[in-house]
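J.: The structure's right below; bear with me while I get my questions together.
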Amino acid sequence: MPGFSIIIPFKTGKAYLRECLHSALVQTHEDFEIIILADNTSNQDGALDAVLALKDARIRIEAATGNLNILENWSRIKDLPKKEFMTILGYDDLLSKDFLKIITTLIQEDPEASLYHTHFNYINADGNTIKPCLPLPEMLSADMYLALSLEDKISVMATGYVFRSVDYDRMGGIPTNYPNLIYADLQLWIELSRISYLKVSPQIAFSFRIHASVTKTSKNRIILDAFLVYLKYLKQLQNTSPSFDAALKNWGQEFVNNSTRALVHRLLKIEKKYRDQLSIQEIFQSLEPAVLDLGLAFLPKQIKGIQPAIWIDRYNLIHQLFLKFQKLR
């Protein structure tokens, strides 16, 4: 029977961590360990003390002596001693009690697969179900996975994927050149699928938590920079295989157009003083060379919904009225 390492990168949040750990500790498959990646700020609310109080030998805390950002913390995963298989679990996400049992069945049925996954539910901050993920076929090659992601027909999250630890370590772990790891998980799943393929269970076996945003500050520049890194990765894929090139030719234009519109609309919903001096025009100027390098067209002003956004953004009074309207919705 396979053994699993459940790795939980953690900063702070005692209540969610406790709930997450409970969901992991009641697994019906017995051969597993839990590794919590923490730093010197993680026990400010007594979260790590609460973990130690459980006195469960299956839990191991890897606490750094310094204050780590998300890139520094996640980069440690590849250097950890781990069991044969591993999964990365968000500290506020939840596993069903049969998650590892279902994954074990997938491994036994299809040991040649390099990545395993189950369907899941989205939950809110209170743990209530919002909606299920998009349905997936039971087997996906890397080029099929890319195509579905470009079409926005796949729910890509960092939780719920299981893979061999040796494969993860061999490829250097999750790519940390992505700001805040945005898009990094998508590249990781494609690369792991390239080893052979992704095997999926139709059963819903975990929950991914979505939190309502309460900050006024803008992360648009971070998202833009991460998107540019991902576009460069897509160029690398395009050059490696005709199947990747075909996926980009078929679905890349729609993906770029939708992503550009999303960046613009997200920026529009932020007050200008909180935008870190990012403008709609800078978004266009940054994206154009990367998109053209993929052999795709970049005509942002012709994308549906962008011209009205440019017009609203141009006039401060109209933009203020727009922001007030957004708050009322």
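The values are calculated or read from the model by the stated rules, or taken from the named source; none is laboratory data. Just so we're clear, the structure is a prediction, and the values are computed from it rather than from any experiment. Every residue, glycine among them, receives a Cβ derived from its backbone with ideal geometry; neighbour counts consider all protein chains shown.
J.: Can residue 87 be described as β-branched (Val, Ile, Thr) and surrounded by 14 or more Cβ atoms within 10 Å (Cβ to Cβ)? Steps first, answer last, please.
T.: Details: β-branched (Val, Ile, Thr): yes; surrounded by 14 or more Cβ atoms within 10 Å (Cβ to Cβ): yes.
It is true that residue 87 is β-branched (Val, Ile, Thr) and surrounded by 14 or more Cβ atoms within 10 Å (Cβ to Cβ).
J.: Return only the number of the condition from (1) part of a helix (DSSP H, G or I); (2) within 24 Å of residue 131 (Cβ to Cβ); (3) of a type outside the set (Lys, Arg) that residue 239 does not satisfy.
T.: Only one criterion is unmet by residue 239, namely (2).
J.: Would you be able to say whether some residue in region 250-263 is aliphatic (A, V, I, L, M), modelled with pLDDT of 95 or more and in contact with a helix residue (DSSP H, G or I) (Cβ under 7 Å, 6 or more places away or on another chain)?
T.: yes
J.: Let me ask another. Criterion first (surrounded by fewer than 20 Cβ atoms within 10 Å (Cβ to Cβ), under 28 Å from residue 128 (Cβ atoms) and either of a type outside the set (A, V, I, L, M) or in contact with a Leu (Cβ under 7 Å, 6 or more places away or on another chain) (or both)) does residue 19 satisfy it?
T.: So residue 19 passes the test.
J.: If you check 182, 190, 195, which single one turns out to be buried (at least 19 other Cβ atoms within 10 Å of the Cβ) and under 23 Å from residue 76 (Cα atoms)? Steps first, please.
T.: Details: 182 fails: buried (at least 19 other Cβ atoms within 10 Å of the Cβ); 195 fails: buried (at least 19 other Cβ atoms within 10 Å of the Cβ).
Just one listed residue meets the conditions, 190.
J.: Out of 242, 202, report the one residue that is under 19 Å from residue 151 (Cα atoms), surrounded by fewer than 17 Cβ atoms within 10 Å (Cβ to Cβ) and of a type outside the set (D, E, K, R).
T.: 242
J.: Where in region 1-101 are there strands (runs of 3 or more DSSP E), lying fully within it, with 2 or more residues that are among the charged types (D, E, K, R) and modelled with pLDDT of 95 or more? Break it down into steps so the answer makes sense when it comes.
T.: Details: elements: 4-9, 32-38, 59-63, 85-88.
Answer list for region 1-101: 59-63.
J.: For residue 319, only one of the following conditions fails: (1) more than 29 Å from the chain's Cα centre (by Cα); (2) more than 20 Å from residue 219 (Cα to Cα). What is its number?
T.: (2)
J.: I need the strands (runs of 3 or more DSSP E) fully contained in region 105-194, keeping only those with at least 3 residues that are touching a strand residue (DSSP E or B) at 6+ places or on another chain (Cβ under 8 Å), within 25 Å of residue 34 (Cα to Cα) and not aliphatic (A, V, I, L, M).
T.: 115-123, 161-164
J.: Let me ask another. All but one of (1) in a helix (DSSP H, G or I); (2) closer than 29 Å to residue 128 by Cα hold for residue 207; state the number of the condition that does not hold.
T.: (1)
J.: Additional query: Any idea how many residues of region 47-66 are of a type in the set (Gly, Ala, Ser) and under 27 Å from the mean Cα position of the chain (by Cα)?
T.: 4
J.: Looking at (1) farther than 17 Å from residue 199 by Cβ; (2) buried (at least 16 other Cβ atoms within 10 Å of the Cβ); (3) of a type outside the set (Gly, Ala, Ser), which one does residue 129 not meet, given that it meets all the others?
T.: (2)
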